[in-house]
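J.: Pasting in a structure now, in structure tokens, and then I'll have a few things to ask.
The values are calculated or read from the model by the stated rules, or taken from the named source; none is laboratory data. As the structure is a computational prediction, the values presented were derived from the model and not from experiment. Cβ atoms come from the backbone with ideal geometry, glycine included; neighbour counts cover every protein chain shown. Areas reflect the complete protein model, heavy atoms only, side chains present, ligands, DNA and RNA absent. Shrake-Rupley method; radii C 1.70, N 1.55, O 1.52, S 1.80 Å.
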Amino acid sequence: MVQLLERCEQMTRQLTKRRLTVESVRNSAASLRRSRQRQEVMRVLRGTTSHPTADWIYQEVKRSIPSVSLGTIYRNLRILREAGNILELNFGDSISRFDGRTDDHYHFLCEKCGCILDVEKSERIDLSSVYPRQAGITVHTCRLELLGICADCGTATPDFLEPALAASLI
């Protein structure tokens, strides 16, 4: 039991240290050196709701900055993600998608065409009532991904979607 408590305290210290590191990155976001490439990546991401890949962002940025490299795009996406300015979405495949919208919302992934749609949260989910409390575990956020068929691919909606939510997606 003593070893378990010591391990929990060690994990808490590690999480606190990691959280401080993440916070320091976010706090230093304002002091990030502004670059034309980074500003253009942000403009492209904020100007679309398609949740693009790095390659798509690269093609778009290349229109206004022909000399930009794919490596520069990846580096700026990493910096922006670490600073909390964008979201990186992973849906189980090897290709990341990016979202310029960082407010609290869900994502709907069409199983046919692969499009990703933003879905507004209708209410806050209280995880304390869903999962039993475990020693040393603190939940900071919940990521919910909805899977189904989008309106362009058909009218079938997944059974797990509430009628009101399903209607808002179609």
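J.: Which of (1) open to solvent by 50 Å² or more (accessible area, probe 1.4 Å); (2) over 21 Å from the mean Cα position of the chain (by Cα); (3) modelled with pLDDT under 75 does Cys8 not meet, given it meets every other one?
T.: (1)
J.: Something else about it: Does the range 63-73 hold any residues that are over 13 Å from Arg43 (Cα atoms) and surrounded by fewer than 16 Cβ atoms within 10 Å (Cβ to Cβ), and which are they?
T.: Matches in the range 63-73: Pro66, Ser67, Ser69, Leu70, Gly71.
J.: While we're looking at this one, here's another question. Among (1) within 20 Å of the chain's Cα centre (by Cα); (2) modelled with pLDDT under 95, where does Gln3 come up short?
T.: With respect to (1) within 20 Å of the chain's Cα centre (by Cα); (2) modelled with pLDDT under 95, Gln3 is out only on (1).
J.: List the residue pairs whose Cβ atoms are under 9 Å apart, where the first residue sits in the range 146-162 and is under 16 Å from Asp118 (Cα atoms) and in a loop (DSSP other than H, G, I, E, B), the second is of a type in the set (Lys, Arg) and at pLDDT 80 or above, and the two are 6 or more positions apart or on different chains.
T.: Filtered contacts from the range 146-162: Ile149/Lys112; Cys150/Lys112; Asp152/Lys112.
J.: Can I ask one more? Within the range 51-59, can one find any residue that is open to solvent by less than 50 Å² (accessible area, probe 1.4 Å), in a helix (DSSP H, G or I), at pLDDT below 95 and not hydroxyl-bearing (Ser, Thr, Tyr)?
T.: Within the range 51-59, the subset open to solvent by less than 50 Å² (accessible area, probe 1.4 Å) is 51-54, 57-58.
Cutting the leftovers down to in a helix (DSSP H, G or I) gives us 54, 57-58.
From what is left, the residues that are at pLDDT below 95 are none.
Scanning the range 51-59, I find no residue that is open to solvent by less than 50 Å² (accessible area, probe 1.4 Å), in a helix (DSSP H, G or I), at pLDDT below 95 and not hydroxyl-bearing (Ser, Thr, Tyr), so the answer is no.
J.: Going by the conditions given, is Ile137 among the aliphatic types (A, V, I, L, M), closer than 22 Å to Val44 by Cβ and either at pLDDT 75 or above or open to solvent by 70 Å² or more (accessible area, probe 1.4 Å) (or both)?
T.: So Ile137 does not fit the description; no.
J.: Note down all Cβ pairs under 7 Å where the first residue falls in the range 92-112 and is farther than 18 Å from Leu147 by Cα, the second is open to solvent by less than 10 Å² (accessible area, probe 1.4 Å), and they're at least six residues apart or on different chains.
T.: Final answer for the pair search is Gly100/Leu45; Gly100/Ile86; Thr102/Ile86.
Yes or no, residue by residue, for (1) closer than 25 Å to Arg38 by Cα; (2) modelled with pLDDT of 75 or more; (3) exposed (fewer than 12 other Cβ atoms within 10 Å of the Cβ):
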position: Ile79; (1), (2), (3): yes, yes, no
position: Ser96; (1), (2), (3): yes, yes, no
position: Arg101; (1), (2), (3): yes, yes, no
position: Gly114; (1), (2), (3): no, yes, no
position: Leu144; (1), (2), (3): no, yes, yes
